[in-house]
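Asks: My questions all concern the structure below.
The values are calculated or read from the model by the stated rules, or taken from the named source; none is laboratory data. Because the structure is predicted, anything quoted here is derived from the model rather than measured. Positions of Cβ are generated from backbone atoms using ideal geometry, with glycine treated the same way; all protein chains shown enter the neighbour counts.
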Amino acid sequence: MPELEFITIGQVQAPWGNKGKLKVKVLTDFPQRFAPSSTVYINRQPMTIAQVEWQKGNAIIKLNAVDSVAAAQGLKGQLVEIHHSLLKSLPEGQYYHFQLIGLEVWTAQEELLGTVTEILTAPSNDIYIVQGSKGEILIPAIGDVIKSIEPNKGRIVIEPIEGLLS
C-alpha cells in the first residue's frame with residue numbers, strides 16, 4: 001500500500017464567533033491532536049492551533065493564520081490533516097481506517113468478495129462495507145468473522161458466519 005503523506009483528523013464545519021475561530025468535526029480517535037501549539041494542515045498549508053475549546057464533541061479551534069469570519073468562512077468544508085510522521089503507533093492487530101480502505105476481502109475458502117470501500121463505526125464493533133460483484137456486503141469486524149488482516153498483502157481474510165453472505 002502506498003504511504004499517505006497526510007492523514008485526515010477533522011473537517012471544518014463552519015466559522016465560530018467573529019474572531020476567526022472554526023468549528024471542526026473531529027475524525028480521529030486521538031482528539032488531543034487538537035491542542036494549542038499543534039501543527040495541522042488545511043489545503044496542505046501548515047497552520048498552528050492557538051486555542052482550542054470543546055463543544056458537544058466538536059473542536060472549536062483558533063488558528064494563528066485565521067483572524068476573520070471571512071477567512072474562516074473560506075475554510076468551510078476543508079479537511080484538517082496531520083503529516084503521516086505524526087501518526088501514533090497502534091497495538092499489534094489494530095489498524096487505522098485508512099489502512100483498511102481498499103483492501104480486498106477474501107473468504108477462507110479463497111473466494112474474492114470485493115474491496116473495503118468504507119468503515120462504519122458502531123458502539124460494539126466496526127462494520128466494513130465491501131463492494132464486489134455481488135453488490136454491497138456488510139462485514140462485522142469481530143473475531144468470529146475476521147481471521148486475518150494483511151495490509152502488506154492488500155487483503156483481509158474472513159470466515160463468513162451463517163447468513164452473512166446471503
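Asks: In the range 107-126, which residues are among the charged types (D, E, K, R) and either in contact with a Cys (Cβ under 6 Å, 6 or more places away or on another chain) or not in a loop (DSSP other than H, G, I, E, B) (or both)?
Replies: Passing the criteria: 118, 126.
Asks: For the range 116-127, state whether one or more residues are of a type outside the set (Phe, Trp, Tyr), surrounded by 16 or more Cβ atoms within 10 Å (Cβ to Cβ), modelled with pLDDT of 95 or more and more than 18 Å from residue 10 (Cα to Cα).
Replies: Scanning the range 116-127 turns up at least one residue that is of a type outside the set (Phe, Trp, Tyr), surrounded by 16 or more Cβ atoms within 10 Å (Cβ to Cβ), modelled with pLDDT of 95 or more and more than 18 Å from residue 10 (Cα to Cα).
Asks: Hey, can you tell me all the residues within the range 13-48 that are within 14 Å of residue 75 (Cα to Cα) and small (Gly, Ala, Ser)?
Replies: Within the range 13-48, 14, 20 meet the criteria.
Asks: Residue 105 is checked against (1) modelled with pLDDT of 95 or more; (2) outside the structural domain of residue 145 (by TED's automatic domain parsing); (3) β-branched (Val, Ile, Thr) and fails just one. What number does that condition carry?
Replies: Failed condition: (2).
Asks: For the range 45-61, indicate whether the set of residues that are at pLDDT 90 or above and within 30 Å of residue 151 (Cα to Cα) is non-empty.
Replies: There is at least one residue in the range 45-61 that is at pLDDT 90 or above and within 30 Å of residue 151 (Cα to Cα).
Asks: Among the residues of the range 127-148, is any outside any strand (DSSP E or B) and in contact (Cβ under 8 Å) with a residue 24 or more places away in the chain?
Replies: Looking through the range 127-148, at least one residue is outside any strand (DSSP E or B) and in contact (Cβ under 8 Å) with a residue 24 or more places away in the chain.
Asks: A follow-up question, please. Filter the range 92-106 for residues that are closer than 21 Å to residue 117 by Cα and part of a loop (DSSP other than H, G, I, E, B) and give the result.
Replies: Within the range 92-106, 93, 94, 95, 96, 101, 102, 103 meet the criteria.
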